[in-house]
Structures are given as structure tokens and as C-alpha cells.
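The values are calculated or read from the model by the stated rules, or taken from the named source; none is laboratory data. In this text, all values refer to a predicted model and were calculated from it rather than measured experimentally. Backbone-built Cβ (ideal geometry, glycine too); neighbour counts: all protein chains shown. We work out accessible area using only protein heavy atoms, side chains counted, and drop any ligands, DNA or RNA first. Shrake-Rupley method; radii C 1.70, N 1.55, O 1.52, S 1.80 Å.
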Amino acid sequence: MVPYIVRRLVVLVGMLFALSLITYILFYAVPTDPASLSCGVHCTPEAVAANRHRLGLDDPFYIQYWNWVKAIFLGRDFGTGYVAMHCDVPCFGFSWNRQMMVTDVITSVMPVTIYLAIGAFVVWMTVGIFTGILAARYKGSIFDRGVMAITLVGFSLPSFFIGLVILIFFVVRWQIVPYPNYVPPTEDFGKFFMCMLLPWITLAILYAAYYTRLTRSQMLDTMNEDYIRTARAKGLPEKVVIRKHAFRAGLTPIVTSAGLDFAGLLGGAIITEKIFGLTGLGSVAIKAVENLDLSILVAITLLGGVFVVVANLIVDILYAAIDPRVRVK
Amino acid sequence: MSELTTEGNSVTSSTNVMVPSTHKGDVILSVNDLSVSFKTHDGLVQAVSHLSYEVRRGQTLAIVGESGSGKSVSSLAVMGLLGSDNANVTGEVHFDGKELISSSADTVRQLRGLKMAMIFQDPLSALHPYYSIGKQLVEAVTAHQDVSKEAARARALEMLNRVGIPSAEKRIDDYPHQLSGGMRQRVMIAMALINDPELLIADEPTTALDVTVQAQIIELLRDLQKEFGTAIVIITHDLGVVADVADDVIVMYGGAAAEQGPVREIFYQPEMPYTWGLLASIPKAGDEGQLDPIPGTPPSLIHLPKGCVFAPRCAFRSQVPDNACATTRPDFEITGPNHAARCHLTTEQRKTIRLDRKIGK
Ligand SMILES: Nc1ncnc2c1ncn2[C@@H]1O[C@H](COP(=O)(O)OP(=O)(O)OP(=O)(O)O)[C@@H](O)[C@H]1O
Ligand SMILES: [Mg+2]
């Protein structure tokens, strides 16, 4: 198991390197000039040139890339004299729009995104798996048919619609919860919880519908397996047959999807963040697109990629934990 | 059903005959007029019709017949393993002083694995791929006995040794995919017998295995039966196995018993054409290439023929007057003290045909 993980880690480092190169090329191929964008209204060609030099944009491409990669691990100094700035490890550059280090921008909004993702994940996995198992167990019943109909609807609704409906009814009409106003959990957990509740539910509805259907179809598949008949032939109670034998056997695709979906959410949930006025990675990314803030976009894209790659690794390790046939001797 | 009764030949009552075994043990399992049908989109599949048999302590009953003749379904019905989805089971199954068809699912579940056990054709797919064989064996013990994990594991190890798993202490933590086919079937047998059941149903336990391994598994079953006195119902296509282990034989065709009797009589004095056909299809030493498969295909269980179910494939139906084979279903008729068969041919005709065709020699 350990050599397996080490091998996977080596592959992972290679993938991240490739990913960073591609991201960098893609964004630096965009025909914008950060130097002039950051120059302001009273711009002279000299000022642009000076900026360009300070940002290192007059270096050849591969040097720029190299400096950028190096900065991630070693930090970097921009300019000299009174305009000199130090960028700490891990340095992803400087945002001229925000006049902040990219790393600081990201770390300031990352917690919101992480809380949003974790809360929604817990809700949808619990609801989806539980309902899916029940629907499979009582296949064809009114309950099952109801679940199938509701999930189909939930699954086809766009998240802005779900979010708006929830907002209108729970906040505006019934005033059950106040309009979300983000408070860090360390400050006031109660307020934090009330603020995150609706965004969690909004995100979770979509995924819960999908995971209910996925769990149900996985369960129906595995319930037909010979080893399920064996488990029943042993005289195990149906509860145990379902939980220990059928569910475990159908778990692999659920884990795969869960890993990737969770990683995707860590990259930012743009629409949900917007609707509920949360400033997370998604909102920052949208702003960065509007302002053509390349250094932030590159960093967020790369970060999103890192989440997916790492999630993949974790999923693979979980595979091996679930299925002994995957384990390498 | 009504069609058949107007023919004056009800399938229900007169065909339901309990043929006594020559075996002298106590009756452990008694199946009486068991029928199973499945609702499907194409119609009602009558998978088992009016099957009756008894199994005694220490006895081995073999059920043979072509694919789709209802062998597995009838056994799964006895075990209560058909599920309630689309299966309709009628009749009586007496076991352990209870009637199982009318018992609650939980009552039958508590007997499964404890007093009656079953092993299946393909031991790879029948074992859970994600759990070690030790875990699966322990689970079989703890499902029924209130013992510690250690005691259950000790019992698992004992059974693995008993069924001939070499260095069982090492293999007990292996996963099914790490074992050979024969070993897996031994594990299945160990799991089935771990609570010392009174009845073991083996559904084609050797079909998925190599020939040499087949013989070992059959030998193992026979030894274990001698040791524990377990009654065995063995389902098989292999008449060699039948000759080897069975005391009595039920030949099934189209969901019903076509013939039933002691193994010697089935081989030496078979009473109906389908059995003759089966016997002719066994490869015999010396005359290779002389295999005579029965021409035609098994009947559709959705539209069973009105007359004899085997009639469309029967070479002797012209010898029966009035086209009776096509119009009237033959009774399951007692032909000897422990023998019954379903056929319109007279005793004389059968004897002549057997002599002519050297059947049962
Ligand atoms: N759940 C089900 N729904 C509908 N039909 C079924 C179902 N289970 C079994 N059958 C039908 O019942 C018939 C008897 O099947 P069964 O498995 O008992 O045959 P078998 O004698 O064991 O054959 P084999 O030698 O191939 O194992 C078959 O025609 C099969 O298609
Ligand atoms: Mg079968």
C-alpha cells in the first residue's frame, strides 16, 4: 500500500507540473498587456515599459515561466527601490487590480469556499446515499417512484433557480433565516451556521438528486449479484445484507463521483456564491475575468487543477481500501 | 388451469404424488405440491409445477434435467431465497417442524445457514470479492451463534482444514480472487457446513470447475455427508455424479418431475422417454462420438403444451393411441414401490422399447 501511494505521488507531481505549464501558456497567450492595464489613466509609454520590466514581462516566455514556478517555492521580489515588494512563499504573483499578492487574495476567501463545499458535501452525501438505499430496497414502491420523480426534477433544475427560490421563500417571504451575511465560524458559530445553511442546501439539492439516483442504481446492480444471494443464504438479516454486502460492493463509483464533485466545488461555486453574496473563490474568479486579472486567474485555475488531481489520488487510495483486488502486492 | 381440468386430467391433484425413498433415515425435508410462477412482461412463467419430494437424514437426492427445467428455482423456493418481487410460490415445504412457505421471512432466514445451507455453481461470484474468506466464514457463524469473534474464527479455521484447504491458517485472510476455483468451492462448502446444518442444497457445485477438481469436490461432499449425516440435495447435469453420490433421483422436465426413483432404477429401468434421452446423452467409455442429444428444444414455460410437456420432442408418441400425448397431460404414475414416471406408454410398451434400444444397459 505504501509503495503504491509513493508511486502515485510521483505521478501526481508530474501531472501538476504539466498542468502549471499548460495553464501558464494558455493565459499568457491571451493578447492583453498587464503592464498597460496596471498603468492607470495617465499612462506614458515609458511608464508601461517600466512596469513591464518590473513585472518581468520583457523576459522571454520560458524565463517568465521559470521565475513564476520558482516564486511558488522560493518567493520573489518585484522591482527595486521604493517600489520593491517581497512576495512570500508560495508566491503566485501580484494582482495589479487589487494591489495585493495573489496568495493573500486567495487565502482570504478560501475558507468561505471550503466551508461551503464541506457543508454541502455532508448534506448531499447523507441525503443521497440514505434515500438511494431506501429507494433501491423498496424498488417499485410509491416511495421509490416519488423519489425518482423528485430527483429527476431536482436534477434538471439549474442552481440559480433553486438558489433564488430558496432565497425568495426562506429569506424574503417567510423570513425564517436572515439574508446571509458571512461570519467566520471562529467568531460566531451560530451566525455562521445560519448564514451557510441556505447556500449548503442550494448546492446540496442538485448533488443529492444525482447521488440518490447513483446510489439507487448501484444498489439495484449489486443486489442481483451472486454474493448477495450467498449472504442471504447464510441467514444474514436483510439490513446487514444491504449495508455490509450490497452497499460496499456498489461504493466505488459513488466514491469516484464524490471525490471529483467535491474537488470541483473547492474550485468555487460561482452561482451559489453570487446569489448568497458570499465572497469565495468563485466570486474572485469572476471578478478576475472581468478585470483580466491574469495572475489571479492562473492561480485559481491551477488551484482547481490541484484539487482535482489530489482528489483523484485520494479516490484511488480509497479504491484500494474498498476493493482488495486493486491493491498491488 | 381450467383447460386442463376439463380434460378430466387435473394437473393439480392426481399429479401430486409423494414418492417414498428407499432410504431409511428420518424425514428432514418434505416438499409438497410446490409450484413457482413468475410474473414477467411476456406473461406468467410457470417455472415449477406441483413438485413433491422428501429428503431423509443422510440421504442424497439428485435433481437432474435440462437447463431451464426449474431445478434451481425449486431449490431457491425451499430456501426462501426467491425474494418476493415477481415470484409466486405455492405448496408446502416442511422443514424443522415448520411449514416454510407460510412462515414469516424472518423465521425462514433464521433457519438459513443454520439448519439448511446452500452452495452455488460459480464459487467466484458467490463469494464477496471485498471480504477475506475468514471474514465471510466468521460472519456465517456469528449470524446464528452468540460467540466471540475469536471462537468463530477458530471454528472457521477448523472448517477450512476440514474441507482440505492447505495451510489454512495462512489462507484464512486471503480474498476469494487469490484462491483457485476448487479452493473457492471448498470455502463455500466450509461456509455452508460451518453451523452443521441438517440439509445442504448444492446447485451444480462442480459445473464451473475442472474435471479433476470436480471429482475432488464430489468426494469431499460425500465424506462430509458420512461424517455429519447431512442430507444433500444435489442439482447437476452430470449423470456421472448422480451415479456416484445419489440415493434417489428426480428427473425434471418443463418445471415438473418427469420421473423419480432410486438411482439404480433410474439407470437400469428408466420409465419414460425423456429419461431415456438423458441416459443416451451420457458419453460412455468405448463408444466415443456416440452421443445422442435429445432433438428439439425445451418447452416455453409461458405457454406449456396442453398434453404431455415432453410430447413435441418424444419419438414414441405415435405408439400412444388417440393422440393422447398431445391432448392429455399424463399423471405422475407409480410404477414401482419407490418409483414414479409421467408417461402414456403402457408398461409393456416401455419394456419392449427398453429391450429394443438397449436402454438401461
Ligand atoms: N426471476 C425470474 N423471473 C422470470 N423467470 C425466471 C426467474 N427466475 C427463473 N426464471 C425462469 O424459470 C425457469 C427455470 O429456471 P431454473 O433456474 O430453475 O432452471 P435450471 O433447471 O436451474 O436450469 P440450469 O440448469 O440452467 O441452471 C427458467 O425458464 C427461467 O428463465
Ligand atoms: Mg440452475
For this session: Please give the residues from the stretch B:89-133 for which the solvent-accessible area of heavy atoms, probe 1.4 Å, is smaller by at least 50 Å² with all protein chains in place than with the chain isolated.
Result: B:Arg109, B:Phe120, B:Ser125, B:His128, B:Pro129, B:Tyr130, B:Tyr131
Seminar exercise, completed: In square angstrom to the nearest 100, the accessible surface buried at the B/A interface, both sides summed with a 1.4 Å probe, amounts to 2200
For this session: Taking amide H positions as placed in the peptide plane 1.01 Å from N, state which residues far from A:Met101 in sequence (5 or more) or on other chains have amide H under 5 Å from it.
Result: A:Ser95
For this session: Grab the DSSP H runs of chain B that are 4 residues or longer, score each as -39,500 (n - 2.57), total them, divide by all residues and round the 222 nm result to the nearest 500 deg cm²/dmol.
Result: -9000 deg cm²/dmol
Problem set entry | Span from the the stretch A:262-300 Cα centroid across to the the stretch A:121-173 one, whole angstrom | 26
For this session: Over the stretch B:113-171, with every protein chain in place, what whole percent of the accessible area is carbon and sulfur at 1.4 Å, could you tell me?
Result: 51
Exercise. Do any chymotrypsin sites (Phe, Trp or Tyr not before Pro) in the stretch A:84-140 lie in a loop, going by DSSP, with at most 16 other beta-carbon atoms within 10 Å of their beta carbon, and if so which?
Worked result: A:Tyr138
Problem set entry | Within-13-Å neighbourhood charge of A:Leu164 [Cβ basis; K, R +1; D, E -1] | +2
Exercise. Accessible area per residue, 1.4 Å probe, Å², for the protein assembly as shown: what's the number?
Worked result: 47
Exercise. Please identify the trypsin sites (Lys or Arg not before Pro) of the stretch B:203-287 that satisfy two criteria: DSSP loop assignment and at most 10 other Cβ atoms within 10 Å. Which are they?
Worked result: B:Lys284
Problem set entry | Local electrostatic count, B:Leu209, Cβ distance below 12 Å [Lys/Arg +1, Asp/Glu -1] | -2
Exercise. Do you know the Lys pair count in chain B for C-alpha distances under 19 Å, with sequence separation 8 or more or different chains?
Worked result: 10
Exercise. Considering protein heavy atoms only and a 1.4 Å probe radius, which residues within the stretch A:289-329 exhibit an accessible-area decrease of no less than 30 Å² in the full assembly relative to the chain by itself?
Worked result: A:Pro324, A:Arg325
Exercise. Share of antiparallel DSSP beta bridges in the protein assembly as shown, in percent to the nearest 5?
Worked result: 65
Exercise. Comparing B:Val245, B:Val48, B:Val211, which has the greatest mean-square fluctuation in the GNM of chain B with Cα pairs linked when under 10 Å apart?
Worked result: B:Val211
Problem set entry | Backbone HN-Hα couplings from phi across the stretch B:343-348 [Karplus 6.51/-1.76/1.60, Hz, Gly and Pro as x] | 6, 7, 5, 7, 3, 4
For this session: Using a Gaussian network model of chain A whose springs link C-alpha atoms within less than 10 Å, name the residue from A:Asn181, A:Asn312, A:Asn224 with the highest mean-square fluctuation.
Result: A:Asn224
For this session: Give the long-range amide H neighbours of B:Asn195: residues separated by 5 or more places, or on another chain, with amide H under 5 Å away, using H modelled in the peptide plane at 1.01 Å from N.
Result: none
Exercise. Over what distance in Å are the Cα centres of the stretch B:318-342 and the stretch B:83-116 separated?
Worked result: 32
Exercise. Out of residues 5 or more away from B:Gly91 or on other chains, whose amide H comes under 5 Å of its own, with H placed 1.01 Å from N in the peptide plane?
Worked result: B:Ser35
Seminar exercise, completed: Heavy-atom accessible area of the stretch A:107-220 with neighbours in place, 1.4 angstrom probe: carbon+sulfur share in percent works out to 74
Exercise. Heavy-atom accessible area of B:Arg57 with all protein chains present, probe 1.4 Å, nearest 10 Å²?
Worked result: 110
For this session: May I ask you to find the residues of the stretch A:232-257 that are shielded by at least 20 Å² of accessible area once the whole protein assembly is considered instead of their isolated chain (probe 1.4 Å)?
Result: A:Arg232, A:Ala233, A:Lys234, A:Gly235, A:Leu236, A:Pro237, A:Lys244, A:His245, A:Arg248, A:Ala249
Exercise. Quick one: Karplus J couplings for the stretch B:54-66, per residue in order, coefficients 6.51, -1.76, 1.60, θ = phi - 60°, nearest Hz, x for Gly and Pro?
Worked result: 10, 10, 10, 4, x, 8, 10, 10, 9, 10, 10, x, 5
Seminar exercise, completed: Rounded to the nearest 10 Å², the accessible area of B:Ile282 using a 1.4 Å probe with every protein chain kept is 50
For this session: Note down the nm distance, to one decimal, between modelled labels 7 Å out along Cα→Cβ at B:Asp322 and at B:His303.
Result: 2.6
Problem set entry | Lys pairs under 29 Å by Cα in the stretch A:109-282, provided they are eight or more residues apart or on distinct chains | 5
Exercise. Remind me, relative contact order of the stretch A:109-282 in percent, using alpha carbon pairs under 8 angstrom and six or more residues apart?
Worked result: 37
Exercise. How large is ³J(HN,Hα) for each residue in the stretch B:266-278, as worked out from phi by the Karplus curve 6.51 cos²θ - 1.76 cosθ + 1.60 (θ = phi - 60°), to whole Hz, x for Gly and Pro?
Worked result: 4, 7, 9, 9, x, 10, 8, x, 5, 4, 4, x, 4
Exercise. Under a 1.4 angstrom probe, counting protein chains only, how are B:Glu259, B:Glu219 ranked by accessible area, largest first?
Worked result: B:Glu219, B:Glu259
